[in-house]
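Data first, discussion second: the structure below is written as structure tokens.
The values are calculated or read from the model by the stated rules, or taken from the named source; none is laboratory data. Everything numeric in this text was worked out from a predicted model, so none of it was measured. Every residue, glycine among them, receives a Cβ derived from its backbone with ideal geometry; neighbour counts consider all protein chains shown. Heavy atoms of the whole protein, side chains included, go into the accessibility calculation; ligands, DNA and RNA do not. Shrake-Rupley method; radii C 1.70, N 1.55, O 1.52, S 1.80 Å.
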Amino acid sequence: RPLIAFADVSKVYPSRDRAAEVVALSDVNLDVPEGAIVGVIGKSGAGKSTLIRMVNGLERPSGGRVVVDGTDVTALYERGLRQARRSIGMIFQHFNLLSSRTAFDNIALPLEIAGLDRAAIAKRVEPLLAMVGLSDKRDRYPAELSGGQKQRVGIARALATKPRVLLSDEATSALDPETTDQILALLKTINAELKLTILFITHEMMVVKKLADRVAVLEGGRIVEQGTTYEIFAHP
Ligand code: ADP
Ligand code: ADP
């Protein structure tokens, strides 16, 4: 079975003025196989953020279901949602690091919330810093790091709780092309070595071509095309 399954998902953002309602997603069906890297591409306003935020319950569908690892996350609230989110890491366009915390302490944050003691936290954070190539920056604050380094911290933080899924919301959109390539290579390595399933959204064709195994094209809230990256890009 797929690790993530969207089944007949729709989303309407209500408005007091019914004519001003926004249909952000319509009849979305999408499977993310375990171990795959699936990219969703679309223009601004296509519904990408709405779609990816449903996986960790930041957004709820108006209709349909989102099943993650056998659990219907749309049926979860509070405690159940908190528990489900531990197996779902997320990275962001603007990194979302805490400026008052060092690289080490940003990565440690989800582990502190999970209640691990200092020794257990250090034992987990040190190898994560090494994996993203930032062992020598462990005591640096975000303001002292480049964009690429900040995203490496974001990736390490997302992996801290050993999630089964990594969600990426335009993770390279704020980076220059060379740094983008380095981050995409790191994500590919993580997918291969940790067998971590990745679902990402982007508006950039090149990111999909370089990173995704499978692609879904979103237009006006509908998936208009999906398949392997080869299928989607090889036809005339
Ligand atoms: P994308 O990520 O592809 O830019 P979004 O999912 O952010 O697309 O938005 C899809 C549509 O839903 C857009 O028309 C957007 O304006 C609308 N939308 C997104 N969030 C809200 C919200 N909280 N309230 C009302 N409309 C929203
Ligand atoms: P989240 O912030 O986790 O996305 P929201 O608080 O925005 O959740 O709630 C989304 C929808 O779910 C709303 O319609 C809200 O009324 C409903 N909801 C939230 N928490 C509960 C709950 N504990 N029991 C029932 N419905 C809830």
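Observations on the structure shown:
- Sorting Tyr141, Tyr13, Tyr77 by accessible area puts them as Tyr77, Tyr141, Tyr13; the probe is 1.4 Å, largest comes first, and only protein heavy atoms count.
- With R₀ set to 35 Å, the beta-carbon distance separating Tyr77 from Ala185 gives a calculated FRET efficiency near 0.35.
- Separation of the Ala120 and Ser146 label points, Cα + 7 Å toward Cβ, nm: 3.6
- Ranking by accessible area, most exposed first, for Phe104, Phe92 with a 1.4 Å probe: Phe92, Phe104
- Here the spin labels are modelled as points 7 Å beyond Cα on the Cα-Cβ line, and at Lys162 and Ala174 they lie 3.0 nm apart.
- For a paramagnetic label modelled on Arg1 (point 7 Å from Cα along Cα→Cβ), amide N atoms under 19 Å away belong, within region 32-62, to 32-36, 55-57.
- Accessible-area value, Leu166, 1.4 Å probe, nucleic acids and ligands omitted, Å²: 0
- Residues Asp213, Asp169, Asp117 ordered from highest to lowest accessible area at a 1.4 Å probe: Asp117, Asp213, Asp169.
- Pair Glu225, Ser44: separation of 7 Å Cα→Cβ label points (nm): 2.3
- Accessible surface calculations at 1.4 Å, restricted to protein heavy atoms, place the chain at 50 Å² per residue.
- Computed from the C-beta positions of Val12 and Ser87, the FRET efficiency with R₀ = 30 Å rounds to 0.60.
- Over the chain: Rg over Rh, Cα atoms, Kirkwood Rh: 0.97
- Theoretical ellipticity at 222 nm over the chain - DSSP helices of four or more residues, -39500 (n - 2.57) apiece, nearest 500: -10500 deg cm²/dmol
- Length gained when the stretch Asp136-Leu194 is fully extended (0.36 nm per residue, less Cα-Cα span): 18.6 nm
- Protein accessible area in the chain, 1.4 Å probe - carbon and sulfur %: 49
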